[in-house]
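*Asks:* One structure, pasted below without further comment.
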Amino acid sequence: MTYQEGKVERQHSYQDLLQVWIVVEIIHQKESSGATMVSRALLLALAVALVTVEAAIARVKPLQRQGKIPGAEEVAIAEYLNGQYEQDASATCNQLVIADWGYTTDVNNATAEDALLQETLESAAFTKSQWEQYFRDANWETYEDPSVKRQVMFLSVLGTPALNNTDLEQYNREITAMTQIYSAARICPYTNQGCNIETEGIRLEPDMENVLATSRDYEELKYVWSQWRDASGAKMRPNYQSYVALSNIAAQANGFENMGKMWQADFETPNFQADIDRLWAEVKPLYDRLHAYALKKLRDVYGDQIPVGDYIPAHLLGNMWAQSWDNIYDILIPFPNATKVDITQAMLDQGYDVPRMFDVANEFYTSLGLEPMVMSYTGNSIIEQPDDRDILCHASAWDFCDRTDFRIKMCTNVDEEDFITVHHELGHIEYFILYKDQPITFRKGANPGFHEAVGDVIALSVKNPYHYQAIGLLENYEDNYENSINTLLRFALGKVAFLPFAVLIDKWRWEVFAGTTTEDKWNTRWWELRNELQMLSAPVERTEQHFDPGAKYHVAGNSQYISYFIAHILQFQLHRALCIEAGQSTAAGAKLRAGLELGGSLHWVETLKLLTGEESLSGKAMLEYFKPLFDFLEPEPEPVDQTVPIVEEVKYFINKPIEKIRGFSLHRYWDASFHELLAISQTTRRCDCDCVGRKECPKRNGSHGQRPRPYDHHTPEALQKWPRGRSAILDHGDQLFLPGSLKFVM
């Protein structure tokens, strides 16, 4: 029975009852005037029972009517999925998304809030009715058609509609309340702390975020950081307590231990948490080196304001949550005298506005042979913050479930960060468009991480000097070692710095849902994880009166976050695969298209294999990409005795022709004939894989950008001596440099 048929049936039932009532009245009147008196109530009860039984028989699932004929259930359900269900589910989804858009783009509108709640309940009623009638008891494991089998497998999990109406309404109200607190939060400016909050208060976007990004005043940063958490997270703690309890009730109604387990099931991986731990352990050494480097540089700026120890105060990293460190690149830049890359200033100088940012991003996708997306940032879309109402500014892409309406919602600023975000959000739109012809059950990413990875892999190709040169936002960029390290560091401040934050949010929530972190330890555990994973500390005391997780939108808004971690790992695997195809940009686009068109119709491992040739997630591609930076960030060796023997093999090469010593490595070797020593380093070019958008990609010799590595044969037989403060540096090209105390690594 379809949802619409169910409505019709209920109407028929009411009509039947009315007819029964009329019959009962006639009988009663006849009996009253004649022989035996019959109780009106008894007659009515009997009639209602008969109607109820008849209705129950009519509602017996069509699948059960098929009897025991082999395959009959699968045939019936396939016909239903391809026909009435597709139509009804798409229409229901469309109405819900319209209501959600109406509220999200006007969060203080009570009418929009009520409309969203009503549509949420209607959608839940539809989903629950379908589940009860068709999918709950379906024997999908026995189906032969893989598409039907996979659709029913997904549909056999009901989700939060498993809650009764009262609990479901409360669940939705708690989420709405938390997002309202988040979006409406204001604080007084640092320079006017006694302000009228209604007329002079500042918002998270763009005001507070700009302070965190640009200020280098330790106390101002601390003030804004702590005030935001007081105005947002701390106020929603009671809501979150109710939300957790209701979430777990819903998960248990679906057969899961808790909501954390239900979320993890979306990834179709039996040992999901163990896989996350493995991936994090794989990339953690890269983060550790970046963190140590950042701490040292920040101490140079803030001195003893940074406490002794290995933690960085969380408010000093240029971002409200320290999830991205891009905004302190000016502090961390390894080679300040290298080519200056200031894309924001270039955009302003060239008169960029928000629509132009979207047009340029759209052109990048179409250059790969992918679908144009102009409809998603024009018309009913919102790409700039309105002046007349509050909206949830968090950038997002929307699929209205009708295969034609796709929209962006974003409070865009003209700067490089949002320029990259625009490319990312259009990646979601491209994914929507390419899988729009799949059944509605498959209109989603191969797993939740794939959707984020698509936008990220495009952004990775955009945010590099070669692409910026191609679109006129960068001039006179020289491809040399210093510029390459600067560029890689800029990437790492967004890509690598983000990794532990992406792990800890859902790691904390999994523990909360499981009850291993109890409510009286919520904030304490949050900071234990921030200490352990990010190696950050709070700038002011944190207690259980606070609720710092709620100061992040995804916690308040009930959005999984581990998908971003998966995406950050996956994007480098995709990036490497697309690089291989990048001799012709449309070939890379064709490969990407082939994977995205599948949506969720295949297990993500199959989609991954199609796109990359690999069958598991791995951090190796990321480590390979950042290998030159990893080597650059290697900690300085401990001081050693300056009197050591000279390497005999070095003596051999003194005054020998260059071709005899090509590829030979030196590490702080010296003797009386040092200036006669000739050496040459092997030169490799790193494929930055802006080549996704370029006609040619440099051929690689070995791995990405192998930075010279130390020559480690420091044995008494090998070494003779080197002078204090003297290092030999072999750089790209056929030159030998002696720049004083710089460390040489090959």
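*Asks:* Which of the GluC sites (Glu not before Pro) found in segment 412-447 are in a DSSP loop and have at most 16 neighbouring Cβ atoms, other than their own, within 10 Å?
*Replies:* none
*Asks:* Let me ask you something else. Please work out the Cα center distance from segment 317-379 to segment 475-505, rounded to the nearest Å.
*Replies:* Distance between centres, Cα-based: 14 Å.
*Asks:* Taking 0.36 nm per intervening residue step and subtracting the Cα-Cα distance, what contour gain separates Thr516 from Glu79 on full extension?
*Replies:* 152.8 nm
*Asks:* Right, next: Say each of Asn337 and Gln170 gets a label point 7 Å from the Cα, pointing the same way as Cα to Cβ; how far apart are those two points in nm?
*Replies:* Each label point lies 7 Å from its Cα, and together they span 6.8 nm.
*Asks:* Would you mind computing, in nm to one decimal, how far apart the modelled labels at Glu122 and Asp217 are, each placed 7 Å from Cα along Cα→Cβ?
*Replies:* Label at Glu122, label at Asp217, 5.1 nm between them.
*Asks:* Determine, from the Cβ-Cβ distance of Asn108 and Glu606 and an R0 of 60 Å, the FRET efficiency 1/(1 + (r/R0)^6), rounded to the nearest 0.05.
*Replies:* 0.85
*Asks:* Efficiency by 1/(1 + (r/R0)^6): what FRET value for Val414 and Lys149, r their Cβ-Cβ distance, R0 = 41 Å, to the nearest 0.05?
*Replies:* Once the sixth-power term is evaluated, E becomes 0.25.
*Asks:* A further question on this structure: With the cut-off at 26 Å, report for segment 72-214 the share of all Cα pairs above it, as a whole percent.
*Replies:* 47
*Asks:* Shifting gears a bit: Using the charge dipole of segment 64-177 (Lys, Arg: +1 at Cβ; Asp, Glu: -1 at Cβ; taken about the Cα centre), state which of Ser147, Ala115, Tyr85 has its Cα farthest towards the positive end.
*Replies:* Positive-most Cα among the choices belongs to Ser147.
*Asks:* Something else about it: In nm, what is the difference between 0.36 nm times the number of residues separating Asn139 and Asn483 and their Cα-Cα distance?
*Replies:* 117.9 nm
*Asks:* Which three extents, in whole angstrom, do the alpha-carbon atoms of segment 551-598 cover along their principal axes, largest first?
*Replies:* For segment 551-598, the Cα spread along each principal axis is 45, 20, 13 Å.
*Asks:* Describe numerically, in nm with one decimal, the distance between label points set 7 Å from Cα along Cα→Cβ at Ile197 and at Ala470.
*Replies:* Label-label distance for Ile197 and Ala470, simple model: 4.9 nm.
*Asks:* Still on this structure, I have one more. Considering only Ala138, Ile197, Tyr171, whose Cα is most displaced toward the positive end of the charge dipole of segment 132-202, charges sitting on Cβ of Lys, Arg (+1) and Asp, Glu (-1)?
*Replies:* The one lying farthest along the dipole's positive direction is Ile197.
*Asks:* Something else: What is the list of residues in segment 538-573 whose amide nitrogen lies under 17 Å from a point 7 angstrom out from the Cα of Ala265, following Cα to Cβ?
*Replies:* 560
*Asks:* Taking only protein heavy atoms and a 1.4 Å probe, what accessible area per residue, in Å², does segment 131-267 have with all protein chains in place?
*Replies:* 44
*Asks:* For the pairs Lys261/Lys436; Lys463/Lys552; Lys463/Lys627; Lys507/Lys627, note any where the Cα-Cα span goes beyond 20 Å.
*Replies:* Pairs exceeding 20 Å: Lys261/Lys436; Lys463/Lys552; Lys507/Lys627.
*Asks:* Dipole magnitude of segment 161-249 about its Cα centre, charges +1 at Lys/Arg Cβ and -1 at Asp/Glu Cβ only, in debye to the nearest 20?
*Replies:* 180
*Asks:* If you put +1 on each Lys and Arg Cβ and -1 on each Asp and Glu Cβ, how big is the dipole of segment 75-165 around its Cα centre, in Debye rounded to 20?
*Replies:* Dipole of segment 75-165, to the nearest 20 debye: 220 debye.
The values are calculated or read from the model by the stated rules, or taken from the named source; none is laboratory data. Being a predicted model, the structure only gives us computed values, none of them experimental. Ideal geometry is used to build each Cβ from the backbone, glycine not excepted, and the neighbour counts take in all protein chains shown. Remember, those area values only see protein heavy atoms, side chains included, never the ligands or the DNA or RNA. Shrake-Rupley method; radii C 1.70, N 1.55, O 1.52, S 1.80 Å.
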